[in-house]
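Notes for the one structure printed next.
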Amino acid sequence: MPKILFIEHNGKQHLIDAEAGKSVMQNALDNLVPGIVGECGGACSCATCHGYIDPAWAQKIPAKGENEEMLLDGAMHTEPNSRLTCQIMMDAELDGLVVRLPISQY
Ligand code: FES
């Protein structure tokens, strides 16, 4: 099973066994990781699944879509490596993915 390391804004770490074929957001919710809300259920319409993708992984995940760009433009505390985690599907290639979580989702 691929793993994802989530790091809360306060540094608390959550290493989870992720399910391939489910989004990073859904994997966080399934494992009760604090700091990801996922209010719209992954429909790319709420931005409450915002996370910072570790730069080491930036080239390995798919590029942002237009909707994701627009939502991130209106989100709080964004950084160049901000992504909506509902738009990133887990697979074996992403084993070890590191995602930091913004303070605004607590
Ligand atoms: S869960 Fe709503 S945009 Fe990702």
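Any chance the range 11-34 includes a residue that's open to solvent by 20 Å² or more (accessible area, probe 1.4 Å) and β-branched (V, I, T)?
Within the range 11-34, the subset open to solvent by 20 Å² or more (accessible area, probe 1.4 Å) is 11-15, 17, 19-22, 26, 29-32, 34.
Narrowing the set further to residues that are β-branched (V, I, T) leaves none.
No - not one qualifying residue is present in the range 11-34.
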Inset, instruction - At least 2 residues that are more than 18 Å from N27 (Cα to Cα) and open to solvent by 70 Å² or more (accessible area, probe 1.4 Å) in each: list the strands (runs of 3 or more DSSP E) lying fully within the range 38-106 that qualify. - result: none
Legend entry - Pair list, Cβ < 7 Å and 6+ apart or interchain, from the range 49-72 residues that are within 18 Å of L94 (Cα to Cα) to residues that are surrounded by fewer than 17 Cβ atoms within 10 Å (Cβ to Cβ) and charged (D, E, K, R): Y52/E79; K60/E93
Inset, instruction - Give the residues of the range 1-21 that are farther than 16 Å from L94 by Cβ and charged (D, E, K, R), sorted by residue number. - result: E8, K12
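The values are calculated or read from the model by the stated rules, or taken from the named source; none is laboratory data. It should be emphasised that the depicted structure is a prediction, and the values quoted were computed from it without experimental measurement. Virtual Cβ from ideal backbone geometry, glycine too; neighbours counted across all protein chains shown. Just so you know, the surface numbers come from the protein's heavy atoms only, side chains and all, with ligands and any DNA or RNA stripped out. Shrake-Rupley method; radii C 1.70, N 1.55, O 1.52, S 1.80 Å.
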